1. So how many residues does region 32-57 have that are in contact with a helix residue (DSSP H, G or I) (Cβ under 6 Å, 6 or more places away or on another chain), part of a loop (DSSP other than H, G, I, E, B) and either loosely packed, with under 12 Cβ neighbours inside 10 Å or among the small types (Gly, Ala, Ser) (or both)?
2. Here are some conditions: (1) modelled with pLDDT under 75; (2) at positive phi. GLY21 meets all but one. Which one does it not meet?
Amino acid sequence: MKFFKYCVAALLLPLALSGCGVLAAPCRVASAGIKMVPIVGHVAAVPTDACAAVIDP
């Protein structure tokens, strides 16, 4: 019975957090770190910005 509860919780967690800034935080933190690199930082951060935009529009 415990296994069933854990499975249900694991399946409902992404639904509860969908569109949540908590899930986009790693992408945003990585993007901020990459943007600190001189000259190429903003260009190199485009994929991580896109990742965050997809997760949390």
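The values are calculated or read from the model by the stated rules, or taken from the named source; none is laboratory data. Quick caveat: nothing in here was measured; it's all calculated off a predicted structure. For neighbour counting, all protein chains shown are included, and Cβ atoms are generated from backbone atoms with ideal geometry for every residue, glycine included.
1. Residues flagged as in contact with a helix residue (DSSP H, G or I) (Cβ under 6 Å, 6 or more places away or on another chain), part of a loop (DSSP other than H, G, I, E, B) and either loosely packed, with under 12 Cβ neighbours inside 10 Å or among the small types (Gly, Ala, Ser) (or both) within region 32-57 amount to 1.
2. Every listed condition holds for GLY21 apart from (2).
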